[in-house]
Every structure is written in structure tokens, then in C-alpha cells.
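**Student:** Take this structure first; my questions come after.
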Amino acid sequence: MKGMIFTEFMEMVEATWSLDMVDTLITRSQVPSGGAYTSVGTYPHEEIIALVTALSRETETPVSALVRGFGKHLFGRFALAYPRFFVGDSDCFRFLSGIENVIHADVRKLYPDAELPTFEVEQAPGGLTLTYFSDHPFADLAHGLIEGCIAHFGETIEVRREAADLPGAQARFTLTRKD
């Protein structure tokens, strides 16, 4: 997993709780890296799971809620760090429809070793369905990223999440405009 995910997570923890909480998570999780992350490094995804699990214990907040909240935070950080991905996209559905062919294609060019999920996109009038495929258990992160996208574009969209019935798929997100 790319180090940017780890550095953004640590920044969110520091901003939301404290630098002491960051130190506590590193100590309690006993991650092999010792919590020394760089944005361009690559680290095992198990480390972010260990850090979030430690945060859950410390804050008594469910892991799923923390990961989903991190996804919302992360989308906002992506929007600031990579504004070129948002040029020409006027709404959430248009942006999310290009996640595979635009965003992930560019990310793979920049970071060939990135372990990205894949999304199967189905459009319908007033709606969009995203089926999330990944080898890693991050459907909550995808859910938060989707919510962050909706907030970024300032739209009123209902998100319904259900288990996906396809091999390798973890979740299906059905988005419906509520204008």
C-alpha cells in the first residue's frame, strides 16, 4: 500500500486527536515499520489495519466507522493534492464513472507497484452503481471515499451499500440522486 495512505492517516489522527495519539498507535500496534512512513514508500496493508485497530481500541470507535471517516478525509486530501483529476468533472457521477479509466490509469502510470482496487461502473438514469473489487478488506474506505466525493461536489446523493455476489467483489454501492 502506498505510503501516502499512511502519512494521510497519521495526519488525520494528529489533527483529530493528537500527536500523542499517533505515538500511542505506533507503540500499541507494534507495526514492523515502527511507524516511519514516507508518502512515496510502500508498506504492507496489514500495518494500516493494525493502526486503525489500535485507534479503535483507544477511542472506543468501531473500526468500520474510523475507516469510513478516513475515506472521507482522504478524498478531500486527494482533491487538494491532485486537482488535475477534477478538471472537467462537474458532478459526482461523472467523476466516479472515470475512476478506472482516468484516475486509476494515471495512478498506475505514476506508481506501477500500487495495489489498487477495481470498480465496475454501471450507469442508470439518476443513478450509478459501483461494484468494488479488491484483494484487501477496504470496502469501508471505498464507502468513505464515495461519501467524500459526494461532499466535494456538494450533491445530495443517497448511497446504499450491499454485499456483492461476484467473485472477488466485496461490495456494491448504489448511488441515487436526491435532487
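Derivation of every value follows stated rules applied to the coordinates shown; laboratory data play no part. If you're wondering where the values come from, they're calculated on a predicted model, not measured in any experiment. Don't worry about glycine lacking a Cβ; one is built from the backbone with ideal geometry, like all the others, and counts go over all protein chains shown.
**Student:** Is the shape of segment 91-177 best called rounded, prolate or oblate, per the rule: a/c under 1.5 gives rounded, else a/b larger than b/c gives prolate, else oblate, with a ≥ b ≥ c the square roots of the Cα gyration tensor eigenvalues? Provide the component values of the computation, followed by the final result.
**Tutor:** On the way: a/c = 1.77, a/b = 1.25, b/c = 1.42.
Verdict is oblate for segment 91-177.
**Student:** What is the Rg over Rh value, at two decimals, for the chain, using alpha-carbon atoms and the Kirkwood definition of Rh?
**Tutor:** Working: Rg = 16.4 Å, Rh = 17.0 Å.
On the Cα set of the chain, Rg over Rh gives 0.96.
**Student:** Here is a further query. Eigenvalues of the Cα gyration tensor times 5, then square-rooted: what semi-axes does that give for segment 3-61, in whole angstrom, largest first? The partial results should precede the final answer.
**Tutor:** On the way: eigenvalues 58, 32, 18 Å².
That gives 17, 13, 10 Å for the three semi-axes.
**Student:** Straight-line reach from K178: which lysines have a Cα under 26 Å away, not including same-chain ones fewer than 8 places off?
**Tutor:** Cα-Cα hits under 26 Å: K72.
**Student:** Just to confirm the number: angle between the C-alpha axis of helix 139-153 and the first principal axis of the chain, 0 to 90 degrees, nearest 10?
**Tutor:** Tilt of helix 139-153: around 60 degrees.
**Student:** Continuing with this model, one more query. Between R77 and A105, what is the FRET efficiency for a Förster distance of 25 Å, r being their Cβ-Cβ separation, to the nearest 0.05? Could the numbers behind the result be given before it?
**Tutor:** On the way: r = 20 Å, r/R0 = 0.81.
The formula returns an efficiency of 0.75 here.
**Student:** Ok, one more. Give, in nm to one decimal, the length gained when the segment between F86 and Q30 is fully stretched (0.36 nm per residue of separation minus the Cα-Cα distance). Present the calculation step by step, with values, prior to reporting the outcome.
**Tutor:** Values: separation 56, 0.36 × 56 = 20.16 nm, distance 3.75 nm.
Extending this stretch completely gives an extra 16.4 nm.
**Student:** May I ask for the percentage of alpha-carbon pairs in segment 44-128 that lie more than 18 Å from each other? Intermediate values should be presented prior to the final figure.
**Tutor:** Numbers: 2079 of 3570 pairs.
It works out to 58 percent of all Cα pairs.
**Student:** Per residue, how big is the convex hull of segment 116-156 when only Cα atoms are used? Give it in Å³. List each step's numbers first, then the result.
**Tutor:** Working: hull volume 2.9 nm³, N = 41.
Expressed per residue, the convex hull around the Cα atoms of segment 116-156 is 72 Å³.
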